[in-house]
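What follows is a single structure, written as structure tokens, with notes after it.
The values are calculated or read from the model by the stated rules, or taken from the named source; none is laboratory data. Here the structure is a predicted model, which is why all the values come from computation and not from measurement. Positions of Cβ are backbone-derived with ideal geometry, glycine not excepted, and every protein chain shown enters the neighbour counts. For accessibility, only protein heavy atoms count, side chains too; no ligands or nucleic acids. Shrake-Rupley method; radii C 1.70, N 1.55, O 1.52, S 1.80 Å.
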Amino acid sequence: MPACVYVDGFSLYHQCFRHTAERNHLKWLDLTALAAAILPDEDIAVVRYYTARVFDTPEDPQRASRQDAYLRALATLPKLVIRQGQFSRNKREVRLAHPPADVDPRQTAWVMQEKRSDVSLATDLLVDAFDGRADAALLITNDSDFEVPIQI
């Protein structure tokens, strides 16, 4: 039976690897091999990886180049397709979690948001199901927003 795999790249990175030095070797995880291990009786038709391009920051001036290296490595995997969203930067009023005593807790801040990645994943999941491209689907995420597309 063919199966389609959908990987929420930022969810995978932030929930599994960020701030965990002993798991750094997993950042180079072969996603097609992972899919085959999770679904050993399925023929993996495609592994779709969803992400948005990050930017360097003063705190992490190599961030974009590390992501580029990882995306180049992923692009070498057979059956893997990378779908890229984008980041949007907007000014928003936010409330500080722990403001100093003499500071108004309401402040204006730049807020970065990933755009189009989750919508692309949900759309591909539903289109693949409706078109009969697979008999099974595997979604790798920690995002509860995908509950409705999964139910559909």
Span-like helices, the chain: DSSP H, alpha-carbon axial extent 15 Å or more, mean Kyte-Doolittle -0.5 or greater, which ones?
-> 117-130
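What 222 nm value per residue comes from the helices of the chain, counting each DSSP H run with n ≥ 4 as -39,500 (n - 2.57) and dividing by all residues, nearest 500 deg cm²/dmol? Mind dumping the intermediate values first?
Values: 5 runs with 44 residues, N = 152.
Helix contribution divided over all residues of the chain: -8000 deg cm²/dmol.
With an 8 Å Cα cut-off and a minimum separation of 6 or more residues, compute the relative contact order for the chain in percent.
Worked out over the chain, it gives 33 percent.
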Accessible area per residue, Å², the chain with all protein chains present, probe 1.4 Å | 64 Å²
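I'd like the antiparallel share, as a percent to the nearest 5, of DSSP beta bridges with both residues in the chain.
About 35 percent, rounded to the nearest 5.
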Sulfur and carbon atoms: percent of accessible area, the chain [1.4 Å] | 52 percent
Ranked output for segments 131-140, 95-104, 71-80, 44-53 by mean other Cβ atoms within 10 Å, highest leading, reads 44-53, 131-140, 71-80, 95-104
Only one of the values (i) 18.1, 63; (ii) 21.8, 78; (iii) 15.9, 50 was calculated from this structure for Rg and Dmax of the Cα atoms in Å; name its label.
-> (i)
